[in-house]
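The block underneath contains the structure these notes are about, expressed in structure tokens.
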Amino acid sequence: MALTPRTTIPEEEYAYPGSTGCPGCGANLVMRYLLKGLGDRTIVTIPACCWAVMPGYWPSHCLKIPMVYCAFEATAASLSGIRAALDVRGETDVTVVGFAGDGGTVDIGLQALSGAAERQTDAIYVMYDNEAYMNTGIQRSGSTPWGAWTTTTPVGDAKGFKREPKKDIMRIMEAHDVPYAATVSVGHPEDFVKKVRKAKEVSGFRFIHAYSPCPPGWRMNPMKTIEVARLAVDSRIFPLYEIVNGDLTITRKGKGVPVSEYLSLQGRFAHLSEEDIAKIQIGVDEAFAAMEKRAATKN
Amino acid sequence: MTKSYEAIPLTPISSEPSTINKTGLWRVFYPVVDLEKCKKCTLCWKFCPDATIELVDGIPVIDLEFCKGCGICANECPAKCIVMVKEGEG
Ligand SMILES: Cc1ncc(C[n+]2csc(CCOP(=O)(O)OP(=O)(O)O)c2C)c(N)n1
Ligand code: SF4
Ligand SMILES: [Mg+2]
């Protein structure tokens, strides 16, 4: 008798089809895996970003759970208010989630985020990182990596592509002593769901940094979304790790493929010279070596 | 006719699922699954951004009313049993 095939992540879906995300959008998968891990006793608050548009045209909506729209800079203020209201009503079993883009998190939303983290508001903050302001037309954010083309870091003039490194939001969150912080990727759904479930069991402020490929913004074929996400982990450009009460654990080491394999799939890096790519490789190798060293010295 | 403010909800509230939005109309390429080659690994189901794939005894059934034709399933299928075909051809 044939074995019944088993899925490796929960089968239950918390979104209907009909979302207006672009074909191959990683952010759709971030939400899909997040809710598979959290279940339906969840409320999300979402600021201006692609996900504010992706639920669909009014009066329709793709999520099966309640969602609130908030102002661009206000995700963490909004989640704090929702948490307080639920606590007054005694609904302490509901998980409150702030779900924002990278621009809404590392740039404009940073102040509210810092406040909620410092107060240890009991909620989960998820940043889906497509590495630019995609909803408004691919403008650079603090989370855009060095070397990337965006519409505000055009290629060709004297200045050229983005010359500043990516802001490391995980280090910023760590400085707030949050009890749980983790990176997740749409290329590794099992690791993703596992970390979300773990975060759900912790109380206090929890932070999840989700890697979210964007085919139009990254100038790549939409069928490559998962492939590029896996290459980001395998090249150690986006390592998968978690920090639990200050202890860092790398959850996927990655194969250590050259960064050029990752970069070459995306038109936003097409202009980079061999020296530029070598520079990125050195930076990635150094950062990963430091991370491994830290992971080895747990208390 | 203008409504009194009491008749207007405090905030617009969604009342219908997004299934009224037939995103399959966006498609340029559509997926064709060779069911004989399918190994029932469920990877295509796992990676569909829009959850348009249903598993029937482990076999993928793709809802073309909503599939946007991104091609992730074809790219990820380890048995290479999904091909993308241009709409109007094949
Ligand atoms: C106060 C304010 N400033 C600017 C905007 C315009 N705006 C809407 S979405 C957006 C970009 C969001 O970027 P990000 O947070 O990275 O999310 P993404 O669109 O990439 O998913 C901007 C600038 C706004 N809605 N509110
Ligand atoms: S612009 Fe990028 S992040 Fe936004 S919906 Fe499209 S693919 Fe997703
Ligand atoms: Mg963004």
Matching option when the condition is within 16 Å of ligand 3 (Cβ to nearest atom) and open to solvent by less than 10 Å² (accessible area, probe 1.4 Å), among A:Thr75, A:Thr42
A:Thr75
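Give the residue that is farthest from ligand 1 (Cβ to nearest atom), with candidates limited to residues of the range A:204-218 that are on the phi < 0 side of the Ramachandran plot and among the small types (Gly, Ala, Ser).
We begin by selecting, within the range A:204-218, every residue on the phi < 0 side of the Ramachandran plot; these are A:205-218.
Next cut, among the small types (Gly, Ala, Ser) only: A:210, A:212, A:217.
Values: A:Ala210: 11, A:Ser212: 8, A:Gly217: 7 Å.
Top of the filtered list is A:Ala210.
Looking at A:Thr150, A:Thr144 in this structure, which one is within 13 Å of ligand 3 (Cβ to nearest atom), among the polar types (S, T, N, Q) and closer than 30 Å to B:Cys67 by Cβ?
Working: A:Thr144 fails: closer than 30 Å to B:Cys67 by Cβ.
Testing whether each residue is within 13 Å of ligand 3 (Cβ to nearest atom), among the polar types (S, T, N, Q) and closer than 30 Å to B:Cys67 by Cβ leaves just A:Thr150.
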The conditions are (1) more than 8 Å from chain A (Cβ to nearest Cβ); (2) closer than 22 Å to B:Asn21 by Cα, and B:Trp45 fails exactly one of them. Which is it?
(1)
Counting only residues that are farther than 20 Å from A:Glu275 by Cβ, within 15 Å of ligand 2 (Cβ to nearest atom) and not hydroxyl-bearing (Ser, Thr, Tyr), the range A:132-150 contains a total of 7
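Considering only residues of the range A:182-233 that are acidic (Asp, Glu) and facing another protein chain (nearest Cβ under 10 Å), which is surrounded by the most Cβ atoms within 10 Å (Cβ to Cβ)?
The initial filter retains those residues of the range A:182-233 that are acidic (Asp, Glu), namely A:190-191, A:201, A:227.
Filter again for facing another protein chain (nearest Cβ under 10 Å), leaving A:190, A:227.
Details: A:Glu190: 11, A:Glu227: 19.
It comes out as A:Glu227.
Given the criterion more than 13 Å from chain B (Cβ to nearest Cβ) and not hydroxyl-bearing (Ser, Thr, Tyr), identify the matching residue among A:Leu113, A:Leu63.
Values: A:Leu63 fails: more than 13 Å from chain B (Cβ to nearest Cβ).
Every option except A:Leu113 fails the conditions.
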What number of residues in the range A:8-39 are crowded, with 19+ Cβ neighbours inside 10 Å, out of contact with any Leu (no Cβ under 7 Å at 6 or more places or on another chain) and under 25 Å from B:Met84 (Cβ atoms)?
18
Would you be able to tell me the number of residues in the range B:53-90 that are free of Cβ contacts under 8 Å to residues at least 24 places away in the same chain, within 8 Å of chain A (Cβ to nearest Cβ) and crowded, with 20+ Cβ neighbours inside 10 Å?
2
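The values are calculated or read from the model by the stated rules, or taken from the named source; none is laboratory data. Keep in mind that this is a model prediction, so the values were computed, not measured. Quick reminder, even Gly has a Cβ in these numbers, built from the backbone with ideal geometry, and neighbours come from all protein chains shown. Keep in mind that these areas ignore ligands, DNA and RNA; they rest on the heavy atoms of the full protein, side chains included. Shrake-Rupley method; radii C 1.70, N 1.55, O 1.52, S 1.80 Å.
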